[in-house]
1. Quick check: is even one residue across the range 254-269 at pLDDT 95 or above, in a helix (DSSP H, G or I) and surrounded by fewer than 23 Cβ atoms within 10 Å (Cβ to Cβ)?
2. Report, ordered by the first and then the second residue, all pairs with beta carbons closer than 6 Å, sequence separation of six or more or different chains, a first member in the range 257-276 that is touching a residue at least 24 places away in the same chain (Cβ under 8 Å) and at positive phi, and a second member that is outside any strand (DSSP E or B) and hydroxyl-bearing (S, T, Y).
3. How many residues, within the range 118-150, are assigned to a helix (DSSP H, G or I) and buried (at least 18 other Cβ atoms within 10 Å of the Cβ)?
4. Answer yes or no as to whether T204 is surrounded by fewer than 24 Cβ atoms within 10 Å (Cβ to Cβ), touching a Ser or Thr at 6+ places or on another chain (Cβ under 9 Å) and among the β-branched types (V, I, T).
5. Go through the range 344-390 residue by residue and tally those that are over 29 Å from V327 (Cβ atoms) and among the hydroxyl-bearing types (S, T, Y).
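The values are calculated or read from the model by the stated rules, or taken from the named source; none is laboratory data. Quick caveat, the model's predicted, so the values are computed rather than measured. Reconstructed Cβ throughout: ideal geometry from the backbone, glycine too, with neighbour counts over all protein chains shown.
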Amino acid sequence: MSVPLPQNFPATGTLGPSMNPSEPASSPGPGKLLFRSNEQPSLGVELELGLVDAQTMALRSAVQDILAQIPSELEGYVKPELMQCCVELNTGVCLTVSQVEQDLREKLQVVQELCDRIGVRLWWGGTHPFSSWHDQQVTPNQRYAMLVDLLQEMARRLVTFGLHVHVGVDSGDKAVMICDRIMQHLPTLLALSCSSPFWEGRPTGLGSMRSKIMEGLPTAGLPTLMRNWSEYVWLVNHLVETGFINTIREIWWDVRPHHNFGTVEVRVCDMPGNLDDVLALTALIQCLVKALSDVIDQGAYQHDCHPMMVRQNKWRACRFGVRASLVDSYTYEVRSCQETVHRLVELLRPTARQLDCLPYLERVLRLAQGPDWATRQVSLLRQTQNPQKLVQILTEQARV
């Protein structure tokens, strides 16, 4: 089976401008990390989607069956994750959100067809409503075996699904500065994407249980404050040299620089319930990174946002989703998520026009009105009184 690929589809690999999947990571010498500069705010999007049995609607360890049928054109773009009940889809390098949409739609259609053949559906959500992490199988892979050995139960319970968005920037120093400045917006992104209200078959009362599971890892959650690329490289080297992590890939912050791809990678989001909402969040993230990059180029003063303010806003977002009240880091006023998003979209409209993604960005306003995906899941369970029916309905609605 062959699949037509977008015209912009790169021949060199996924996400980065010159990164080939067969190349080793850039390692010019001990203690060095070379940042691969991007002159444009290019995009790379990673989807982590659950695999559920089409009959029982429970999570199913089926990723190896899917990968065995993947056409050669998609090798390296459809990948396994830590757990065999998850499949990861990566875009190629894209310049616009519309290119991301074309890329993901074509790949999702292929993967959906393969899933249909083996009686599997794709689950779009941050956690599964009723399957237990105890029943899931780790992907047979040396790196994953090392992770489980190191992290024990904290790794084995990572049955969560997130959205990761890469945006290209032109230097490592700028990537670190953007990671610092974008932190105040991470709670807003989490609130808009909340889709994990259930854990171990029970309602948690949270909009994003996934974010709390991730925070159980020693190098996840909000990043530490860093001033420049040198400080980031020192920190990574320190963590490796002292045996705290095995490789740089074990840093799972909500936002992080990615030296091989030359990007800022935003990882805070739960997996939204459909592709349209993924694209809206992608547009918001691209506009945020580009706008912050422009401000840095203009030499604007860095406003210090207290880390505890970000932390409390993240908790509010995790708990209440789009119903959260968020504290403005400049005025210290408490505003609704809807007002916060409206102000942000207004601020980013000129950037969105420049990046040709205004219609995608404006969809964020509808997301903010709610209900968020966590609330929809809880409401569906209340209506159907059947968690299997909940999964069936949402997997059908999410098809592309």
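1. no
2. Listed by first residue and then by second, the contacts come to G262/S37.
3. Of the residues in the range 118-150, 2 are assigned to a helix (DSSP H, G or I) and buried (at least 18 other Cβ atoms within 10 Å of the Cβ).
4. When the stated conditions are applied, T204 passes them.
5. Adding up the residues that qualify gives 1.
Residue-by-condition table, conditions (1) modelled with pLDDT under 95; (2) within 23 Å of E250 (Cα to Cα):
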position	(1), (2)
L189	no, yes
S193	no, no
F198	no, no
P203	no, no
G207	no, no
R210	no, yes
E215	no, yes
L225	yes, yes
W229	no, yes
